[in-house]
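Report on one structure; see the data block that follows.
The values are calculated or read from the model by the stated rules, or taken from the named source; none is laboratory data. Predicted model only: the values in this text are computed from it and were never measured. Neighbour counts are summed over all protein chains in view; Cβ atoms, including those assigned to glycine, are modelled from backbone coordinates with ideal geometry.
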Amino acid sequence: MKKYLLMMSLATLGAMVTQSAVAIPPPSCTDTYSSSSRTDNRIYAGLSWQLNGSNGFVPDIIFGARSLNVNSDNAVSGADFNIRLLIKKDVSLDSVKLSYVGGSRNLLGNAGLGYSFTNTGIFATAAAQSAFSRLGADYQFGSERFTPYLEGNTLYSPNEEPSRVTAMCSTPI
């Protein structure tokens with residue numbers, strides 16, 4: 001019996017020594033960053049002043065909707081649709097326009113086409129936009145003239161989309 005207990009004790013001690021000598025290292029982890037995106041939809045209103053002096057200091061009224069895809073790297077792309085109402089003498093529908101919107105969260109570029117009911121024709125539009133403001137110009141194809149404008153609106157910069165962090169862990173063998 002003593003011999004049996006001695007052999008069992010030595011076997012257990014040997015197993016413990018072997019396990020402690022072959023220590024398993026902790027897992028190795030690295031963080032990976034993946035981009036994410038979200039859609040930012042807004043309805044807005046604003047006042048627009050024509051800078052060529054044709055409407056004096058009386059602004060036009062703008063109503064619109066904007067849909068943007070905001071990425072975690074702050075890249076933005078989407079579309080903007082708006083309607084311009086003249087209010088100089090009577091309230092009347094002046095134009096509608098559809099623009100592509102692209103750039104970063106803090107500075108957006110607009111490029112698109114529209115139709116002017118006042119000038120009875122199609123026009124091209126381009127603008128730079130930041131929080132609550134837009135500076136641009138419309139080019140009327142029929143009369144071949146530029147109409148620069150400054151707009152104040154209720155559109156603020158889209159919120160930042162954070163990147164997603166994922167921990168990737170592996171245990172060495």
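Filter the stretch 81-130 for residues that are closer than 24 Å to Phe57 by Cα and hydroxyl-bearing (Ser, Thr, Tyr) and give the result. Listed by number, the residues that qualify are Ser92, Ser95, Tyr115, Ser116, Thr118, Thr120, Thr125, Ser130. Within the stretch 113-160, the set of residues being crowded, with 16+ Cβ neighbours inside 10 Å and more than 26 Å from the chain's Cα centre (by Cα) comprises Ser116, Asn119, Phe123, Gln140, Thr147.
Selection of the stretch 46-84 for residues being among the small types (Gly, Ala, Ser), under 21 Å from the mean Cα position of the chain (by Cα) and outside any strand (DSSP E or B) yields only Ser72.
For (1) at pLDDT below 70; (2) surrounded by 15 or more Cβ atoms within 10 Å (Cβ to Cβ); (3) more than 16 Å from Ser130 (Cα to Cα), each residue gets a yes or a no:
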residue	(1), (2), (3)
Met16	yes, no, yes
Pro27	yes, no, yes
Tyr33	yes, no, yes
Val58	no, no, yes
Asn74	no, no, no
Gly78	no, yes, no
Asn82	no, yes, yes
Ile87	no, no, yes
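For beta carbons closer than 9 Å, sequence separation of 6+ or different chains, a first residue in the stretch 71-91 that is within 14 Å of Ile43 (Cα to Cα) and a second that is hydrophobic (A, V, I, L, M, F, W, C) and in a loop (DSSP other than H, G, I, E, B), the qualifying pairs are Asp80/Leu155.
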